[in-house]
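The block underneath contains the structure these notes are about, expressed in structure tokens.
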Amino acid sequence: MKKRTGIIVAVAVVIVFIVYLALSQGKKEEVSNTGGGLKDEIIYCQGSDITTMDINQGIQERACALTNNMFDSLFAFDENMKVIPCLATEYKWLDDKTLELKIRSGVKFHDGSTMTPDDVAFSLNRINEKGSLFGNSYERTEIINDNTVKVHLKFPNPAFVNLLAVPYAGIVPKKVVESDPDGFGKHPVGTGPYKFKEAKEGDYYTIERFDDCWNGKAKTKFITLKIVPETAQRAILLETGDVDAAYEIAPSNIKRIQDNKDLKVLTCNTMKVIMLNMNCESKGPVGNVKVRKAIAAAIDKSVIVDQLLHGYGRVANSMIPPEAKEYEEQPLGSYDPEQAKKLLAEAGYAKGCNIRLITDGAQTSTEAAQVIQSQLAKVGIQVKLTVQDPNTTNSMLKAHQDFDIIMDFFNLVAGHADLVYKRVLYSTSSSNWCYYNNPKYDKAYDAYTVTPEGQKRDELRKKVNSFFITDVPVIPLWGEKKIIGAQKSLEGLKLSPIGSHEYQNATVAPRK
């Protein structure tokens with residue numbers, strides 16, 4: 001009996017040893033597969049939840065920051081906002097209203113099906129039906145053969161190729177969407193380097209590497225987005241190592257991150273311009289163009305950028321970022337308090353006036369509004385600050401309620417000046433938050449937007465741009481610089497000027 005027991009024990013020891021060797025070998029292989037000790041998951045956090053993972057409907061930056069890694073558009077932007085091929089390999093304008101696209105072959109969706117021109121046509125039609133990205137210019141998409149489509153426009157739109165590079169112009173599988181239109185936002189299927197794995201609304205979203213991606217395998221297996229509303233809490237999670245990257249870092253926290261040996265700060269210029277919307281219909285002081293010019297002359301934007309933002313931003317001389325196609329300056333004059341006082345006197349406000357400035361509750365916005373309040377007081381303009389939720393402001397504007405000034409931003413996601421001209425000042429635009437209504441401007445824009453690229457279009461653009469300068473319906477303040485806190489070992493994250501950061505080549509190592 002003792003002998004049999006000894007044999008059993010000996011066999012058990014051998015089995016345990018074999019299992020140990022197998023597990024050890026498996027662990028070595030796993031480490032090797034993730035690049036020699038790299039983590040198989042990158043966790044990043046941001047302040048706001050996303051409303052949907054449907055790329056064609058989740059158009060907010062906070063949504064595209066995640067879904068951009070699951071979907072591809074026909075074209076994409078490089079780090080300088082130049083259009084580059086993606087699911088379309090090339091394009092050619094056959095005439096002013098017909099765009100021919102060559103579609104990439106052999107592209108797989110996450111469900112294993114192959115992308116076809118039928119999916120492209122379906123997606124473009126869906127984008128046109130779901131939102132305002134294409135405006136009124138899109139008519140239909142014609143399938144020519146297995147790798148060619150023609151996009152027909154109702155009228156010329158030279159900016160259209162840029163629109164096809166916007167993240168939320170992503171291509172979706174027709175059969176999947178049609179089988180469950182309402183459920184697609186919770187179980188998305190795209191062609192990108194990551195596919196959907198799981199999510200808990202308001203808490204986290206995890207995406208998993210898609211090994212059959214046309215653009216190559218991603219380097220890290222999982223990417224997880226955590227929703228952390230508090231700015232300070234995001235910084236703390238970064239410091240403790242619970243997240244590998246933290247978005248929307250406050251400028252005041254930058255030095256703290258830079259002084260931490262385990263962390264670093266990643267930055268890039270963006271296509272977002274923070275501005276003041278002036279109520280051009282106001283019966284009060286702001287309705288007078290000389291008062292608007294006085295306000296522009298009384299604001300020293302460099303103080304906001306250098307002191308409040310600690311240099312993490314750039315003074316804006318236009319509503320159009322310098323990287324945008326067809327960029328034009330909109331000079332409103334330099335900081336000149338004496339000129340501001342003179343303009344106020346000419347407008348009938350020699351003794352000053354009172355206005356109300358509305359801003360959101362974000363720390364940077366509130367502090368910038370306070371700086372502006374102080375600067376305007378020096379020329380006799382007394383500012384009452386109102387801090388309110390952006391949703392409240394949106395509802396107020398949709399109802400066309402009265403106001404004086406609203407601090408807001410415009411994110412030029414298409415990288416083309418045309419969208420600024422169309423969305424900010426055009427009389428029927430839903431983004432015309434300055435209540436600017438000038439038939440001469442509308443006529444000038446209508447002529448410019450349909451004119452093919454060339455000298456004539458350049459001349460018309462300058463005419464359109466002049467209205468921003470002479471009428472001062474908006475005052476651009478500063479161009480945003482994206483600030484991301486990250487673990488020192490995070491490498492390969494491709495920052496996007498429109499916030500659609502790419503994780504395909506990103507890796508991170510555990511802290512030592």
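When Val315 is tested against (1) modelled with pLDDT under 95; (2) open to solvent by 40 Å² or more (accessible area, probe 1.4 Å); (3) under 25 Å from Tyr421 (Cα atoms), exactly one condition is not met: (1). Cβ-Cβ contacts under 7 Å between residues 6 or more apart (or on different chains), taken from a first residue in region 156-179 that is under 16 Å from Glu326 (Cα atoms) to a second residue that is of a type in the set (Phe, Trp, Tyr), are listed as Val161/Phe75; Val161/Tyr91; Leu163/Phe134. Residue count for region 54-70 satisfying the condition of being open to solvent by less than 10 Å² (accessible area, probe 1.4 Å), of a type in the set (A, V, I, L, M) and touching a helix residue (DSSP H, G or I) at 6+ places or on another chain (Cβ under 6 Å): 1. The residues listed here are Tyr421, Tyr448, Tyr441, Tyr426; of these, the one that is open to solvent by 10 Å² or more (accessible area, probe 1.4 Å) and modelled with pLDDT of 95 or more is Tyr426. Number of residues in region 379-405 that are open to solvent by less than 70 Å² (accessible area, probe 1.4 Å), more than 20 Å from Asn437 (Cα to Cα) and either charged (D, E, K, R) or modelled with pLDDT of 95 or more (or both) equals 6.
The residues of region 54-67 that are touching a Lys or Arg at 6+ places or on another chain (Cβ under 7 Å) and modelled with pLDDT of 95 or more amount to a single one, Asn56.
Condition check ((1) at pLDDT below 95; (2) open to solvent by 10 Å² or more (accessible area, probe 1.4 Å); (3) out of contact with any His (no Cβ under 9 Å at 6 or more places or on another chain)) across all residues:
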position: Thr51; (1), (2), (3): yes, yes, yes
position: Asp72; (1), (2), (3): no, yes, yes
position: Val83; (1), (2), (3): no, yes, yes
position: Glu90; (1), (2), (3): no, yes, yes
position: Trp93; (1), (2), (3): no, yes, yes
position: Ser105; (1), (2), (3): no, yes, yes
position: Phe109; (1), (2), (3): no, no, yes
position: Asp119; (1), (2), (3): no, yes, yes
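Of the candidates Gly492, Gly485, the single residue that is in contact with a strand residue (DSSP E or B) (Cβ under 9 Å, 6 or more places away or on another chain), crowded, with 18+ Cβ neighbours inside 10 Å and among the small types (Gly, Ala, Ser) is Gly485.
Only one of Val286, Val273 is crowded, with 21+ Cβ neighbours inside 10 Å, part of a strand (DSSP E or B) and not acidic (Asp, Glu); which?
Every option except Val273 fails the conditions.
Here Gly131 meets each of (1) surrounded by fewer than 15 Cβ atoms within 10 Å (Cβ to Cβ); (2) more than 30 Å from Ala447 (Cα to Cα) with one exception, condition (2). In the condition set (1) within 18 Å of Asn56 (Cβ to Cβ); (2) open to solvent by 30 Å² or more (accessible area, probe 1.4 Å); (3) within 20 Å of the chain's Cα centre (by Cα), Tyr204 is compliant with all but (1). Under the condition of being more than 23 Å from Gly284 (Cα to Cα) and either open to solvent by 40 Å² or more (accessible area, probe 1.4 Å) or of a type outside the set (Gly, Ala, Ser) (or both), the residues counted in region 350-369 number 6. Residues that are hydroxyl-bearing (Ser, Thr, Tyr) and part of a strand (DSSP E or B) were ranked within region 73-95; the one that is nearest to Gly170 (Cα to Cα) is Thr89. Among residues of region 75-102 that are more than 13 Å from Ile498 (Cα to Cα), those with a Cβ under 6 angstrom from a residue that is modelled with pLDDT under 95, sequence gap 6+ or separate chain, pair up as Ile84/Asp78; Asp96/Pro156; Asp96/Pro452; Lys97/Pro156. Of the strands (runs of 3 or more DSSP E) lying entirely inside region 96-206, those containing at least 2 residues that are among the polar types (S, T, N, Q) span 138-145.
Just to verify a result, which residue in region 323-349, among those that are modelled with pLDDT of 95 or more, part of a loop (DSSP other than H, G, I, E, B) and open to solvent by 70 Å² or more (accessible area, probe 1.4 Å), is nearest to Phe160 (Cα to Cα)? Across region 323-349, the extreme among qualifying residues is Glu329.
The values are calculated or read from the model by the stated rules, or taken from the named source; none is laboratory data. Quick caveat: nothing in here was measured; it's all calculated off a predicted structure. Please note: Cβ atoms are built from the backbone with ideal geometry, for glycine as well, and neighbour counts cover all protein chains shown. For the accessible areas, the whole protein counts, side chains as well, though only heavy atoms, and no ligand, DNA or RNA atoms are used. Shrake-Rupley method; radii C 1.70, N 1.55, O 1.52, S 1.80 Å.
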